[in-house]
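Before any comments, here is the structure.
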Amino acid sequence: WDDERKEWSFTHHPFTMPKEEHLDKLESDPGSVLSNAYDLVCNGYELSSGSIRIHRRDVQSLIFKRLGYSEEEAFQMDIWHLAPTDKEVEQKEFFRRLMAGEAIYSLETQRVTKAGRILDIWLTVTKLVDDGGTIIWIASTERDITERKRAEEALKKSEEKIGRASCRGKSVDLG
């Protein structure tokens with residue numbers, strides 16, 4: 001939930017199955033619902049992550065409704081509807097290279113919410129292939145990294161400020 005924008009969003013993607021014991025809270029208390037997802041982290045670095053996908057239409061429809069999409073909108077939408085105009089070519093090229101067999105697994109890019117908010121995301125992909133090596137499906141996970149990107153930008157500005165001040169022999173107030 002975003003208090004400023006008064007809207008629900010998702011952290012990874014809107015296809016992760018809520019825990020069975022939380023399904024009854026989807027309408028009454030969606031903020032308390034936990035999902036069937038995991039992250040494997042070592043020394044602060046994510047090594048792996050995954051989730052159980054929603055396999056019930058009624059649950060998926062309710063999730064989309066919470067995100068502001070009608071069932072019709074959600075089921076007719078493709079991934080390119082979520083790409084900001086200036087990122088569409090980049091994302092299509094990524095998938096073209098992926099389908100051509102290039103060994104690429106992730107991309108930092110952006111998505112746009114229904115309300116028009118731009119999210120920085122980390123897109124990770126896994127190619128599913130048949131016995132002959134032909135790609136038959138691509139599974140993807142998207143993680144919202146907007147806050148991380150903001151923190152990185154703030155750190156970069158602070159480092160630049162320190163660098164400029166130290167060159168002039170001055171102290172720096174980073175507050």
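Computed extension length for residue 29-residue 67: 12.3 nm, one decimal, from 0.36 nm per residue of separation with the Cα-Cα distance subtracted. What FRET efficiency comes out for residue 41 versus residue 19 if R0 is 22 angstrom and r is the Cβ-Cβ distance? Round to the nearest 0.05. Result of the calculation: an efficiency of 0.60.
Solvent exposure of residue 118, expressed as accessible area, is near 70 Å², computed with a probe of 1.4 Å over the protein chains only. Only one residue of 70, 103, 42 has its Cα farthest out toward the positive end of the dipole of the range 41-175, where Lys and Arg carry +1 and Asp and Glu -1 on Cβ, and that residue is 42.
Using Cβ point charges alone (K and R +1, D and E -1), the dipole size of the range 6-106 about the Cα centre works out to roughly 120 debye. Measuring r between the beta carbons of residue 52 and residue 76 and using R0 = 22 Å, the FRET efficiency lands at 0.35. Computed about the Cα centre, the dipole magnitude for the chain is approximately 640 debye when only Lys and Arg (+1) and Asp and Glu (-1) carry charge, each at its Cβ. Restricting attention to the range 1-135, the count of lysine pairs at 8 or more positions apart or across chains with alpha carbons under 18 Å apart stands at 6. In whole percent, and with a 1.4 Å probe on the protein chains, what portion of the accessible area of the range 106-175 is carbon and sulfur? So the carbon and sulfur contribution to the accessible surface is 53 percent. Considering only 80, 22, 33, and ranking their Cα positions along the charge dipole of the chain that arises from unit charges at the beta-carbon of Lys, Arg, Asp and Glu, the one farthest toward the positive end is 80.
First measure r as the distance between the Cβ atoms of residue 59 and residue 128, then evaluate 1/(1 + (r/R0)^6) with R0 = 25 Å and state the FRET efficiency to the nearest 0.05. Efficiency, from the Cβ-Cβ distance: 0.60. Rolling a 1.4 Å probe across the protein heavy atoms gives the chain an accessible surface of 68 Å² per residue. Between 52, 124, 165, the Cα set farthest toward the positive side of the dipole of the range 34-175 (charges on each charged residue's Cβ, about the Cα centre) is that of 165. Each helix, a run of at least 4 DSSP H residues, gives -39500 (n - 2.57); summed and divided by the residues of the chain, these come to -9000 deg cm²/dmol at 222 nm.
Taking the accessible area of the range 1-102, probe 1.4 Å, and keeping the other protein chains in place, the carbon and sulfur fraction comes to 51%. The lysines within cross-link reach of residue 156, meaning a Cα-to-Cα straight distance under 20 Å and a gap of 8 or more places when in the same chain, are 170. Take every Cα pair under 8 Å whose residues are at least 6 apart in sequence, average their separation, divide by the length of the chain, and the relative contact order is 15 percent. With both labels modelled 7 Å from their Cα along Cα-to-Cβ, the residue 100 to residue 117 distance reads 3.6 nm. Placing +1 on each Lys and Arg Cβ and -1 on each Asp and Glu Cβ, with no other charges, gives the range 71-132 a dipole about its Cα centre of roughly 200 debye.
The values are calculated or read from the model by the stated rules, or taken from the named source; none is laboratory data. It should be emphasised that the depicted structure is a prediction, and the values quoted were computed from it without experimental measurement. Positions of Cβ are backbone-derived with ideal geometry, glycine not excepted, and every protein chain shown enters the neighbour counts. Each accessible area value is taken on the protein alone, full model and side chains, heavy atoms only, with ligands, DNA and RNA left out. Shrake-Rupley method; radii C 1.70, N 1.55, O 1.52, S 1.80 Å.
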